[in-house]
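All remarks here apply to the structure that follows.
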Amino acid sequence: MRQRLITGIVAGAGFIGLTIAGGWLYTTLLVLLAIIGFTEYARMNGVAWSHPSTLLGYAGVLLFVLPWSDWGIVIPSFLTIVWMLAFLLLALTVITKNKTTIDGAALMLLGALYVGYGFSAMGEARQIAEHGLLWTFLSFGCIWASDIGAYFTGRAIGKTKLWPSISPNKTIEGALGGVLLSLIVSAVFALTMPDFIDLPKALLIGLIAAVAGQFGDLIQSAYKRVRDIKDTGTLLPGHGGVLDRCDSWLIVFPLLVLTGLLPV
């Protein structure tokens with residue numbers, strides 16, 4: 001617990017500092033996290049980083065997460081990138097005479113989309129022309145509030161298992177506590193900064209961040225059970241890997257962007 005606490009404080013302070021700084025510092029952080037996260041994903045699936053399908057996955061991740069427009073570079077549309085990546089991965093099954101199977105191609109496509117677009121959405125939120133930092137902190141604040149609320153409520157009064165076959169320690173009471181604290185945090189944003197966001201929209205963001213964030217956590221737990229591993233990596237002592245720490249983020253930010261709740 002001591003190691004976990006120290007790591008959390010140091011990593012959290014560094015992350016918040018780079019988020020506030022924004023610009024190339026924050027972008028570099030997201031790119032590094034995306035690369036490490038996809039490396040963890042490939043390793044979870046037993047595929048080497050140097051395998052052709054993994055290299056195609058890295059290319060997809062970088063096409064999503066790098067700020068090409070900032071450099072004046074025009075890249076294909078989102079749908080075009082997804083389709084071309086799918087085509088190249090499927091072509092690889094032919095070129096390798098099924099040493100790369102269609103299942104392996106599908107896994108790498110899913111991983112590139114899951115990791116690449118997840119971190120890309122975080123970058124889009126920070127680059128919102130007006131109040132990009134506030135939108136980012138509102139989103140992260142609700143996610144972290146949900147995590148904290150779920151943990152402490154679950155420890156205090158949690159009795160009814162939420163999904164024992166996936167995550168034995170999570171409870172319905174904890175999940176509801178996470179939703180409640182996320183709603184409180186979103187309401188505080190709205191009530192203290194009414195010119196920034198109105199209360200109904202803030203509460204909707206808080207609700208989505210809590211529910212989708214907890215699903216993101218469960219998704220990663222389910223995947224780790226299938227692969228029979230405890231953590232996706234060892235980057236953060238006591239906390240696991242990038243995918244362990246960012247599982248909620250990778251679901252919440254794309255949802256907030258795609259629903260238009262974040263004005264990217």
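The values are calculated or read from the model by the stated rules, or taken from the named source; none is laboratory data. No experiment lies behind these values; they were computed from the predicted model shown. Every residue, glycine among them, receives a Cβ derived from its backbone with ideal geometry; neighbour counts consider all protein chains shown. These area figures cover heavy atoms from the full protein model, side chains too; ligands, DNA and RNA do not enter into them. Shrake-Rupley method; radii C 1.70, N 1.55, O 1.52, S 1.80 Å.
Before moving on, here are some points about what is shown:
- Unique residue being under 30 Å from residue 43 (Cα atoms), open to solvent by 20 Å² or more (accessible area, probe 1.4 Å) and either modelled with pLDDT of 95 or more or aliphatic (A, V, I, L, M) (or both) when the list is 134, 162: 162
- If you check 77, 120 for being within 21 Å of the chain's Cα centre (by Cα) and of a type in the set (S, T, N, Q), only one passes: 120.
- Of the residues making up the range 200-212, those that are open to solvent by less than 70 Å² (accessible area, probe 1.4 Å) and either outside any helix (DSSP H, G or I) or not charged (D, E, K, R) (or both) are 202, 203, 205, 206, 208, 209, 210, 211, 212.
- Per-region count, the range 160-198, residues in a helix (DSSP H, G or I) and farther than 15 Å from residue 134 by Cα: 13
- Failed condition for residue 147, given (1) within 30 Å of residue 180 (Cβ to Cβ); (2) touching a Pro at 6+ places or on another chain (Cβ under 9 Å): (2)
- The requirement of being modelled with pLDDT under 95, among the acidic types (Asp, Glu) and either open to solvent by 40 Å² or more (accessible area, probe 1.4 Å) or in contact with a Phe, Trp or Tyr (Cβ under 7 Å, 6 or more places away or on another chain) (or both) is not satisfied by residue 124.
- Single condition residue 103 does not satisfy, out of (1) in contact (Cβ under 8 Å) with a residue 12 or more places away in the chain; (2) of a type outside the set (A, V, I, L, M, F, W, C); (3) assigned to a helix (DSSP H, G or I): (1)
- Filter result (closer than 17 Å to residue 117 by Cα, in contact with a helix residue (DSSP H, G or I) (Cβ under 9 Å, 6 or more places away or on another chain) and either of a type in the set (Phe, Trp, Tyr) or modelled with pLDDT under 95 (or both)) within the range 78-99: 78
- Among the residues of the range 213-227, the ones that are open to solvent by 70 Å² or more (accessible area, probe 1.4 Å) and within 14 Å of the chain's Cα centre (by Cα) come to 2 in all.
Table: residues versus (1) in contact (Cβ under 8 Å) with a residue 12 or more places away in the chain; (2) within 15 Å of residue 250 (Cβ to Cβ); (3) not small (Gly, Ala, Ser).
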| site | (1), (2), (3) |
| --- | --- |
| 55 | no, no, yes |
| 69 | no, no, no |
| 93 | yes, no, yes |
| 115 | yes, yes, yes |
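- Positions within the range 94-121 being surrounded by fewer than 18 Cβ atoms within 10 Å (Cβ to Cβ), on the phi < 0 side of the Ramachandran plot and polar (S, T, N, Q), in sequence order: 96, 101
- Flag set for residue 60, criterion: under 18 Å from the mean Cα position of the chain (by Cα) and not acidic (Asp, Glu).
- Lone unmet requirement of (1) open to solvent by less than 90 Å² (accessible area, probe 1.4 Å); (2) modelled with pLDDT of 95 or more; (3) among the hydrophobic types (A, V, I, L, M, F, W, C); (4) farther than 16 Å from residue 38 by Cβ for residue 75: (2)
- If you go through the range 28-68 and keep only what is closer than 20 Å to residue 100 by Cβ, assigned to a loop (DSSP other than H, G, I, E, B) and either open to solvent by less than 10 Å² (accessible area, probe 1.4 Å) or of a type outside the set (S, T, N, Q) (or both), you end up with 46, 47, 48, 49, 51.
- For residue 88, the requirement of being over 19 Å from the mean Cα position of the chain (by Cα) and either part of a helix (DSSP H, G or I) or more than 15 Å from residue 123 (Cα to Cα) (or both) is met.
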